[in-house]
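J.: Please find one structure pasted underneath; my questions will follow.
The values are calculated or read from the model by the stated rules, or taken from the named source; none is laboratory data. For clarity, every value in this text was computed on a predicted model and none was experimentally measured. All Cβ positions, even for glycine, are placed from backbone atoms using ideal geometry, and neighbour counts span all protein chains on display. With ligands, DNA and RNA removed, areas are computed over all heavy atoms of the protein, side chains included. Shrake-Rupley method; radii C 1.70, N 1.55, O 1.52, S 1.80 Å.
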Amino acid sequence: MNKISVTRGRPRLVFLLWLCFCGSMPSVAQEQLLPLPDAPRLQPGVIVGTVLDVNDDAIPGAAVVLGTPTLQSLRTVVSNDKGFFQFNDVEPETYHVRISVEGFADWTSPEVALKPGQYVILAVPKLQIATAFTSVTVGYSAEEVATEEVKLAEKQRIFGIIPNFYVSYDQNAAPLTAKLKFQLAAKVAFDPVTFVGVGISAAAEQAGNHPDYPQGWKGFAERYGAVYTNGFTDIMIGGAILPSLLHQDPRYFYQGTGSTKSRFLHAISSPFVCRGDNGRPQPNYSTIGGDLASAAISNAYYPASNRGVGLFLGNFLIGTGQRSAATLAQEFILRRVTHKAAR
């Protein structure tokens with residue numbers, strides 16, 4: 001009897017165990033469907049940039065909009081007085097940055113794919129003046145435009161000190177009037193830094209005992225006068241008188257683009273090829289004539305032992321060589337260190 005009851009009880013026991021197992025399955029499923037704890041948040045990033053105009057001046061108050069390609073999650077900041085803007089706590093995503101400010105053409109960046117924790121410095125090109133804004137200047141005369149350009153040029157100084165007035169960073173600069181040509185020449189000739197530079201050159205000549213002036217303060221004064229007169233006659237004749245008579249532009253026009261070879265040829269040919277007031281290239285009679293005239297006049301005040309054809313040719317060749325070296329420096333070096341450059 002006991003044996004039968006045990007045997008019959010086994011199916012019931014198995015059935016109960018099966019029910020328990022089946023009943024536990026929904027619990028496991030429900031347990032799996034419960035929401036997982038929050039995953040760690042991706043570290044946000046930062047996007048910064050600086051808004052400048054074509055003169056490398058900061059543009060304050062520019063509206064900078066950060067948004068996704070779907071135009072969601074738009075954020076806006078305003079550039080500070082140094083043109084700087086910054087977006088903090090930016091979620092990793094792909095964005096566009098749009099910059100707009102009155103008087104300048106709007107700019108929209110290519111896609112910026114921000115990674116977790118990334119600090120992105122956005123390369124913002126220099127904003128161009130809006131077309132609608134430039135059309136306002138159509139009513140100004142060429143002389144008025146040239147006058148404003150000269151005012152900007154007269155602020156150009158290498159390292160903020162040495163005059164660098166005879167270079168134009170605008171290929172479409174207005175032609176200079178005769179008055180402006182004389183104004184530029186006088187600005188260089190009578191600049192305080194010019195007098196300092198003449199003194200340094202005179203001291204170097206005195207140290208080399210050339211030309212044949214005596215030593216001492218008298219000799220230094222004579223060398224100082226000779227160096228200054230050389231420069232004064234050269235810049236007034238080659239930079240003002242002849243350019244006015246021949247209608248040629250005495251400035252060097254910075255190229256800045258193209259191959260190194262084309263820029264080199266442009267710079268090295270500048271003492272021999274200039275721009276006419278009509279905008280066309282011409283033989284640079286003004287500069288060559290100024291160098292020749294200055295070299296010839298130097299025979300009037302150099303010591304008798306130094307005068308002659310040798311002095312004339314030496315001063316001319318030295319002046320032309322220095323000019324070629326100066327234009328090469330203008331094309332490849334000096335723009336980077338010229339403050340207040342009209343770019």
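J.: Is at least one residue of the range 288-299 closer than 16 Å to residue 168 by Cβ and over 22 Å from the mean Cα position of the chain (by Cα)?
T.: Scanning the range 288-299 turns up no residue that is closer than 16 Å to residue 168 by Cβ and over 22 Å from the mean Cα position of the chain (by Cα).
J.: Oh, and also: Restricting to the range 282-335, what's the tally of residues that are within 17 Å of residue 265 (Cα to Cα), open to solvent by less than 30 Å² (accessible area, probe 1.4 Å) and either touching a Lys or Arg at 6+ places or on another chain (Cβ under 6 Å) or not in a helix (DSSP H, G or I) (or both)?
T.: Number satisfying all stated conditions: 2.
J.: Among residues belonging to the range 164-196 that are open to solvent by less than 30 Å² (accessible area, probe 1.4 Å) and not hydrophobic (A, V, I, L, M, F, W, C), point out the one that is nearest to the chain's Cα centre (by Cα).
T.: Looking at residues that are open to solvent by less than 30 Å² (accessible area, probe 1.4 Å) and not hydrophobic (A, V, I, L, M, F, W, C), I get 169.
J.: Against the definition (touching a strand residue (DSSP E or B) at 6+ places or on another chain (Cβ under 8 Å) and surrounded by fewer than 19 Cβ atoms within 10 Å (Cβ to Cβ)), how does residue 264 come out, yes or no?
T.: Spelling it out, it is not the case that residue 264 is touching a strand residue (DSSP E or B) at 6+ places or on another chain (Cβ under 8 Å) and surrounded by fewer than 19 Cβ atoms within 10 Å (Cβ to Cβ).
J.: Which numbered condition trips up residue 143, out of (1) surrounded by fewer than 16 Cβ atoms within 10 Å (Cβ to Cβ); (2) without any contact (Cβ under 8 Å) to a residue 24 or more places away in the chain; (3) not β-branched (Val, Ile, Thr)?
T.: All conditions are met except number (2).
J.: Now for a separate question. If I ask for residues that are in a helix (DSSP H, G or I), farther than 25 Å from residue 161 by Cα and open to solvent by 50 Å² or more (accessible area, probe 1.4 Å), which ones from the range 197-218 would you list?
T.: The answer is 207, 217, 218.
J.: When you scan the range 147-185, how many residues do you find that are touching a residue at least 40 places away in the same chain (Cβ under 8 Å) and within 25 Å of residue 276 (Cβ to Cβ)? Spell out the reasoning first.
T.: Step one: list which residues in the range 147-185 are touching a residue at least 40 places away in the same chain (Cβ under 8 Å), which gives 149, 152-153, 155-160, 164, 166-171, 173, 175-176, 178, 181-182, 184-185.
Subset that is within 25 Å of residue 276 (Cβ to Cβ): 149, 152-153, 156, 164, 166-171, 173, 175-176, 178, 181-182, 184-185.
Number of matching residues: 19.
J.: Is it true that some residue in the range 230-251 is outside any helix (DSSP H, G or I), farther than 21 Å from residue 336 by Cβ and open to solvent by 40 Å² or more (accessible area, probe 1.4 Å)?
T.: Yes: one or more hits.
J.: Let me ask something else. So the check is Cβ under 6 Å with 6+ separation or different chains; which pairs have a first residue in the range 281-296 that's within 15 Å of residue 326 (Cβ to Cβ) and a second one that's of a type in the set (Gly, Ala, Ser) and assigned to a helix (DSSP H, G or I)?
T.: That search, which allows pairs on different chains as well, returns 287/238; 290/238; 291/319.
J.: Taking only the range 46-92 into account, find how many residues are in a loop (DSSP other than H, G, I, E, B), open to solvent by less than 70 Å² (accessible area, probe 1.4 Å) and of a type in the set (S, T, N, Q).
T.: Qualifying residue count for the region: 4.
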